[in-house]
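Here the structure is laid out as structure tokens; the discussion comes afterwards.
The values are calculated or read from the model by the stated rules, or taken from the named source; none is laboratory data. Quantities reported herein were computed from a predicted structural model and do not represent experimental measurements. Using ideal geometry, Cβ is built from the backbone for each residue, glycine included, and neighbour counts are taken over all protein chains shown. Please note that ligands, DNA and RNA were not included when accessible areas were found on the heavy atoms of the full protein model with its side chains. Shrake-Rupley method; radii C 1.70, N 1.55, O 1.52, S 1.80 Å.
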2 protein chains.
Amino acid sequence: MEVKRDNTEEKIIDAATDVFVQKGMDGARMQEIADRAGINKALLHYYFRSKEKLFDAIFTKLVGISFPQIGQILQSDLPVLEKIEMVIDTYVDLLLKYPFLPAFIIKEMNRDATPFFKFIEKRGFAIAPIFNMLQKAMDDGVIVKTRPEHLVVNVIGLCVFPFAARPMINHVAFHGDDKALKQFLSERKVEVKKFVLKAIQPE
Amino acid sequence: MEVKRDNTEEKIIDAATDVFVQKGMDGARMQEIADRAGINKALLHYYFRSKEKLFDAIFTKLVGISFPQIGQILQSDLPVLEKIEMVIDTYVDLLLKYPFLPAFIIKEMNRDATPFFKFIEKRGFAIAPIFNMLQKAMDDGVIVKTRPEHLVVNVIGLCVFPFAARPMINHVAFHGDDKALKQFLSERKVEVKKFVLKAIQPE
DNA sequence: TCTTGGTTTAACTATTTGGTTAAATCATTT
DNA sequence: AAATGATTTAACCAAATAGTTAAACCAAGA
């Protein structure tokens with residue numbers, strides 16, 4: 001038993017990831033996934049009973065990558081400012097590795113948000129401790145006062161947006177020069193940290 | 001001639017906008033557009049020969065809304081800081097009016113960027129003057145020094161991201177409370193201005 | 001009123017696509 | 001080597017879908 005199972009399943013997952021990320025759930029074709037995995041459609045349905053089930057597997061995998069274990073950073077007893085810096089570093093590094101993630105997640109969240117909700121529920125992800133930590137830092141005068149929600153959205157947005165809007169930025173700001181875009185994106189780590197730290201420093 | 005033409009065409013455009021924005025090009029169905037416009041499929045093809053042509057019309061319309069006439073603001077002789085504030089105000093107001101735009105544009109740009117490129121080309125949109133203006137302000141010590149590209153992406157990203165990520169923010173930060181989310185988004189104008197101005201003020 | 005030309009419809013077609021089935025194949029165990 | 005059970009395939013099916021066609025309709029001008 002399990003003759004070439006691991007191998008085939010892996011090939012399917014790789015192929016499906018490529019196709020779903022590029023075309024989305026609606027644009028993806030089971031035939032294309034089968035072709036890219038070097039198998040035929042029936043085998044695809046043998047491993048993953050339906051397109052929806054296959055998509056769920058891929059989506060869950062990719063959401064898992066997108067919402068990484070920043071819990072460790074946040075639960076450490078580093079000063080808040082260093083925590084924020086570490087989150088930015090970790091997150092931009094992740095996005096440099098998987099630049100297609102933001103557009104994919106945004107696209108599929110807008111189509112059907114329930115798989116994402118299930119994921120969050122399953123992982124028991126809670127944002128409240130983060131808000132509390134930031135609120136405390138504000139009360140202590142370590143960072144400037146606002147609603148913690150805004151600060152979190154600002155930080156994540158500054159990290160994520162350039163990747164989500166990559167094709168536009170590439171065209172408008174860099175006239176299609178992929179090298180220049182890549183250079184720009186790799187500068188984001190330093191740039192976002194500088195920008196955020198300056199913005200939140202108390203008077 | 002042109003008996004009810006205007007009326008019907010308008011109904012089609014409204015219906016197609018709804019459906020394309022909600023489902024995207026791949027997920028949209030001509031039948032659903034026809035139903036929503038209160039006509040049948042053949043009439044849809046009579047007005048817009050193909051799904052692609054209809055989509056192009058809608059996409060171009062929506063990109064036109066997304067890249068509004070901020071030229072006037074930028075070409076005025078207001079101080080740079082006030083220009084930046086005005087751009088943020090204008091942009092967030094726009095997004096509050098059309099909150100679905102960012103996700104739609106990101107989604108469709110990733111599928112096929114050529115309609116967007118054509119639009120930019122046709123409108124003769126150039127980013128260089130904006131970069132030059134910011135560079136000058138940096139040289140004059142009015143704002144802190146960076147690559148202008150980063151500043152532009154930061155400002156746009158802070159405005160746009162919360163709208164693109166709406167479903168996630170709504171769930172994670174507000175537990176599905178639409179009212180709370182709307183309140184949060186309407187605070188962004190003030191928040192982003194505060195955040196950006198603080199981040200770019202010279203030492 | 002009769003013609004004309006744009007408008008609208010019902011019915012149809014060709015193709016694509018997700019999914020099924022029954023048979024063949026292959027590795028492993030007895 | 002024979003049996004077993006997982007794996008793989010070719011051929012097929014039903015539903016959905018973009019697009020077509022030919023005829024009916026309707027408002028306006030001659």
The value for segment A:68-132 (convex hull of the alpha-carbon atoms, volume per residue, Å³) is 99 Å³
Surface accessible to a 1.4 Å probe, B:SER186 within the full protein complex, Å²: 60 Å²
Straight-line reach from A:LYS97: which aspartates and glutamates fall under 16 Å, measuring Cα to Cα and dropping same-chain residues less than 8 apart? A:ASP14, A:ASP18, A:ASP89, A:ASP178, A:GLU187
Summed buried accessible surface, chains A and B, 1.4 Å probe, nearest 100 Å²: 4700 Å²
Report, for A:GLY38, each distance to the same residue's label point in the other copies, shortest first and in nm; define the point 7 Å along Cα→Cβ. 5.8
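As a test of the formula, what do you get for the protein assembly as shown when each DSSP H run with n ≥ 4 contributes -39,500 (n - 2.57) and the sum is divided by the residue count, at 222 nm and rounded to the nearest 500 deg cm²/dmol?
So the helix-based figure for the protein assembly as shown works out to -24500 deg cm²/dmol.
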Taking a cut-off of 17 Å between Cα atoms, list the aspartates and glutamates near B:LYS118, but don't count ones fewer than 8 places away on the same chain. B:GLU52, B:ASP56, B:GLU108
Looks like segment B:5-61, by Cα gyration tensor root eigenvalues a ≥ b ≥ c and the a/c under 1.5 rounded cutoff (else prolate when a/b is bigger than b/c, oblate otherwise), is rounded
Residue with peak Gaussian network fluctuation, chain A [Cα springs, cutoff 10 Å], from A:ASN40, A:ASN110, A:ASN132: A:ASN110
Residues hit by the 50 Å² burial cutoff in segment B:167-203, accessible area with a 1.4 Å probe, assembly against chain on its own, are B:PRO167, B:MET168, B:HIS171, B:VAL172, B:PHE184, B:GLU191, B:PHE195, B:LYS198, B:ALA199
Taking the solvent-accessible surface of protein heavy atoms with a 1.4 Å probe, what is the per residue accessible area of chain B in Å²? 51 Å²
On the accessible surface of segment B:121-175, probed at 1.4 Å with all protein chains in place, carbon and sulfur together account for a percent value of 59 percent
Per-residue mean of other chain beta-carbon atoms within 10 angstrom of the beta-carbon, peptide B:14-23? 1
Run through the other copies and list how far each one's label point is from that of A:GLY124, in nm with one decimal, shortest first; the point sits 7 Å from Cα along Cα-Cβ. 6.2
In whole percent, what relative contact order does chain B give with Cα contacts below 8 Å and a gap of six or more residues? 20 percent
Where the centroid of each part is defined by its Cα atoms, how far is segment B:127-178 from segment B:70-118 in Å? 11 Å
Over the whole of B:144-156, what's the average partner chain Cβ count within 10 Å per residue? Rounded to a whole number, please. 5
Inter-copy label distances at A:LYS61 (7 Å, Cα→Cβ; nm, one decimal): 4.0
Can you list the lysines whose alpha carbon sits under 24 Å from that of B:LYS41, skipping same-chain ones fewer than 8 residues off? B:LYS4, B:LYS11, B:LYS23, B:LYS51, B:LYS53, B:LYS61
Would you kindly give the portion of the calculated P(r) for chain A that falls above 28 Å, as a percent of all Cα pairs? 41 percent
Share (percent) of C-alpha pair distances in the protein assembly as shown greater than 26 Å works out to 59 percent
